[in-house]
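Taking it in order: structure first as structure tokens, then the write-up.
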Amino acid sequence: MKKFFIGLLLSCISLVGFAQDPANNKREVFISKLLKQQIVKQHASVEDSVGSILKRYPEQVDIVVKVALRDYPQSYEEIMLGAIHAEPALACDVISQVINSDVAPSADVVKVAIDVEPAYAAEIIETAVLHKPDDIGEIVRVAIVTDPIISDDIVEQTMQTFPEKMLSVLTGAIKAVPDNVVSFVKNTLALFPDNGEQVVEAAISETKDQQNKAIFEAAVAAGLSIEQAQLAALKGGATKEQLAKN
């Protein structure tokens, strides 16, 4: 163990010199060799190797994570764990690198990141969506499944950040926790009162029949007319009998 830390210290001293060199490829070669030395020769884990480097040089996060993902793509979870544990504030930088590397679906990357650092959930989701906007529904679903306690906060903050993706956020949330559909609908209508019909239609199309009446009533209570709410509910797949029953 003592030899490991001595070797790491000497290697990191050399890393400073390369950090001052504008030639990124030289730094990449060096970091690759450093990781290999620790992982292969000193039997350190990928997580520990990445974390040890970044604890000393957090400003090198982009290049260290990039090289680690290139050389050990199958260990992307370990790389994320090592990097985020070393410096939690770098979570968004880490997931940007991982998503850009295409080693895993964006939603899987979000799950790992939120598991490690739930306090940064909103920032993690925002970063992932900026890179993969078409995946927003699945990103929200996985984020809520990973940490259901903050589901309402996730929905509200993500909708406010990406209002044009409001329906995708809503459907992702409903898929994650279908029993909370009425709460999600109320919160969405509070944020987007002019989109009531779209909200009702989307919510009913994604939920169980027994929730249809409650969704309809929530929309009317939020200000949608009975006629508008009923038409939207029918478009979503509800029946008049479901909406009328006590």
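Read-outs throughout are calculated quantities, based only on the coordinates presented, and are distinct from any laboratory measurement. Keep in mind the model is a prediction, meaning the values are calculated, not measured. So basically every Cβ, Gly included, is an ideal-geometry build from the backbone, and we count neighbours across all protein chains shown.
Annotations
- Karplus-derived 3J(HN,Hα), 6.51/-1.76/1.60, for each residue of region 240-245, Hz, glycine and proline x: 4, 5, 5, 6, 8, 5
- Partner aspartates and glutamates whose Cα lies under 20 Å from the Cα of Lys36, excluding those fewer than 8 positions away in the same chain, are identified as Glu28, Glu47, Asp48, Asp62, Asp71, Glu77, Glu78.
- Summarised as an ellipsoid, region 74-231 has semi-axes of 33, 13, 12 Å, derived from the eigenvalues of the Cα gyration tensor scaled by 5 and square-rooted, with the largest first.
- Gain upon complete extension [Arg56, Lys33; 0.36 nm per residue less C-alpha separation]: 6.5 nm
- Formal net charge of residues neighbouring Asp93 (Cβ-Cβ distance under 11 Å; K, R +1; D, E -1): -3
- Extension gain, Lys41 back to Ala221 (0.36 nm per residue minus Cα-Cα distance, nm): 58.2 nm
- The string of couplings for region 188-200 from the Karplus curve (6.51, -1.76, 1.60, θ = phi - 60°) is 5, 5, 5, 7, 10, x, 7, 10, x, 5, 5, 5, 4 Hz, one whole number per residue in order, with x for Gly and Pro.
- Helix 212-221 and the longest principal axis of the Cα set of the chain meet at an angle near 80°.
- Efficiency of FRET between Glu164 and Thr239 - r from beta-carbon atoms, R0 45 angstrom, step 0.05: 0.90
- In summary, the aspartates and glutamates within cross-link reach of Lys213, defined as a Cα separation below 16 angstrom excluding same-chain residues under 8 places away, comprise Asp179, Glu197, Glu201, Glu227, Glu241.
- If you wrap the Cα atoms of region 180-246 in a convex hull and average its projected area over all directions, you get 3.7 nm².
- Cross-link pairs beyond the 29 Å C-alpha cut-off, checked among Lys165/Lys235; Lys41/Lys111; Lys111/Lys240; Lys186/Lys245; Lys132/Lys240: Lys41/Lys111; Lys111/Lys240; Lys132/Lys240
- Span from the region 80-152 Cα centroid across to the region 191-230 one, whole angstrom: 30 Å
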